[in-house]
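Novice: Sharing a structure with you now.
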Amino acid sequence: MTRTREDAGGAGGLPSVDVSAEGLPTWLKPVVEAAHTVAPEQLSRFLPPPEGGRQAAVLILFGEGERGPELLLTERAGTLRSHAGQPSFPGGSIDPEDGDPAALGPLRAALREAREETGLDPAGVQVFATLPRLYIPVSAFVVTPVLGWWREPSPVGAVDPAETARVFTVPVADLANPAHRSTAVHPSGHEGPAFLVESTLVWGFTAGLIDRILHFAGWEEPWDRGRRVPLDRRA
């Protein structure tokens, strides 16, 4: 199991970061194993360019609710310039205050953004791995997915309505349910996985990551890839 730590005193006063896979629930072990073996091209066909891109991070936070394992998602405000109204993982740009984007900056950014967007207490989150960096062409973000276990859940909700419309959790069982799965079709011709859960359609980058996590964790169930959902041109 990987365990690393950077102390605040050794990084110019930056918050300490502890990455550990110790003490996780048994059902998360396949995710840990996949995180250490999966290649970038197994997650997405959109890989970071050799240079450039806006460095960012998202927090893929696993919790355990009344119906078992679940994921924390947000719905972006409809007035935002980028990905308006789209369900997503908490996250955003890596700021200078977060540190080196090639080191622990993404971890700090993911936790900071999650706190700013949902109000969660980062002290209750156990970061256990990261996935390879991926690329979102439409916004030029180079994104590091940070995997966390919600060891000590805290109250969450939309902190700033101008940024986040709502915060919600989705049971993994609902995401894996074939009845909730479809293929989203953008007017540009791009197609990708989608999930109709919690009265919303999860698609795009977030849905792609969820799809790959279900697959590599062994949670995926056969579903009808021919079931198509057209997206609005403004999406």
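Novice: For the range 28-57, which positions are assigned to a strand (DSSP E or B) and open to solvent by 20 Å² or more (accessible area, probe 1.4 Å)?
Specialist: The answer is Arg54, Gln55.
Novice: What about Pro106, is it at pLDDT 95 or above, more than 23 Å from Gly157 (Cβ to Cβ) and assigned to a loop (DSSP other than H, G, I, E, B)?
Specialist: no
Novice: Here's a follow-up. Of the residues Val143, Val138, only one is over 18 Å from Val17 (Cα atoms), among the β-branched types (Val, Ile, Thr) and surrounded by fewer than 21 Cβ atoms within 10 Å (Cβ to Cβ); which?
Specialist: That would be Val138, the only listed residue that is over 18 Å from Val17 (Cα atoms), among the β-branched types (Val, Ile, Thr) and surrounded by fewer than 21 Cβ atoms within 10 Å (Cβ to Cβ).
Novice: Checking Leu196 against (1) open to solvent by less than 60 Å² (accessible area, probe 1.4 Å); (2) touching a Ser or Thr at 6+ places or on another chain (Cβ under 8 Å), which single condition isn't satisfied?
Specialist: (1)
Novice: Considering only the range 59-79, how many residues are open to solvent by 20 Å² or more (accessible area, probe 1.4 Å) and either assigned to a helix (DSSP H, G or I) or out of contact with any Lys or Arg (no Cβ under 6 Å at 6 or more places or on another chain) (or both)?
Specialist: The qualifying residues number 9.
Novice: On to the next question. Which ones in the range 80-91 are modelled with pLDDT under 95 and part of a loop (DSSP other than H, G, I, E, B)?
Specialist: Leu80, Arg81, Ser82, His83, Ala84, Gly85, Gln86
Novice: Restricting to the range 202-219, what's the tally of residues that are open to solvent by 40 Å² or more (accessible area, probe 1.4 Å) and closer than 15 Å to Ala176 by Cα?
Specialist: 6
Novice: Still on this model: Among the numbered conditions (1) modelled with pLDDT of 95 or more; (2) out of contact with any helix residue (DSSP H, G or I) (no Cβ under 6 Å at 6 or more places or on another chain), tell me where Leu43 comes up short.
Specialist: Going through (1) modelled with pLDDT of 95 or more; (2) out of contact with any helix residue (DSSP H, G or I) (no Cβ under 6 Å at 6 or more places or on another chain) one by one, Leu43 breaks only (2).
Novice: While we're here: If I ask for residues that are open to solvent by less than 40 Å² (accessible area, probe 1.4 Å) and under 26 Å from Gly99 (Cβ atoms), which ones from the range 15-27 would you list?
Specialist: Once the filter is applied, which keeps residues that are open to solvent by less than 40 Å² (accessible area, probe 1.4 Å) and under 26 Å from Gly99 (Cβ atoms), the range 15-27 yields Val17, Val19, Ser20, Ala21, Leu24.
Novice: Report whether or not Ala123 is surrounded by fewer than 16 Cβ atoms within 10 Å (Cβ to Cβ) and in a loop (DSSP other than H, G, I, E, B).
Specialist: no
Novice: Kindly indicate which of Pro222, Pro161, Pro187, Pro178 is open to solvent by 20 Å² or more (accessible area, probe 1.4 Å), closer than 23 Å to Gly91 by Cβ and not basic (Lys, Arg).
Specialist: Pro161
Novice: Same structure, new question: Of the numbered conditions (1) within 26 Å of Asp211 (Cα to Cα); (2) in a helix (DSSP H, G or I), Glu97 satisfies every one except a single condition; which is it?
Specialist: Every condition holds for Glu97 apart from (1).
Novice: Still on this structure: Yes or no: Phe128 out of contact with any Ser or Thr (no Cβ under 7 Å at 6 or more places or on another chain) and either open to solvent by less than 20 Å² (accessible area, probe 1.4 Å) or among the charged types (D, E, K, R) (or both)?
Specialist: No: the conditions fail for Phe128.
The values are calculated or read from the model by the stated rules, or taken from the named source; none is laboratory data. Keep in mind that what you see is a predicted model, and the values were worked out from it rather than measured. A quick note on method: Cβ atoms are made from the backbone with ideal geometry, for glycine too, and the neighbour counts reach across all protein chains shown. These accessible areas exclude ligands, DNA and RNA; they are computed on the full protein's heavy atoms, side chains included. Shrake-Rupley method; radii C 1.70, N 1.55, O 1.52, S 1.80 Å.
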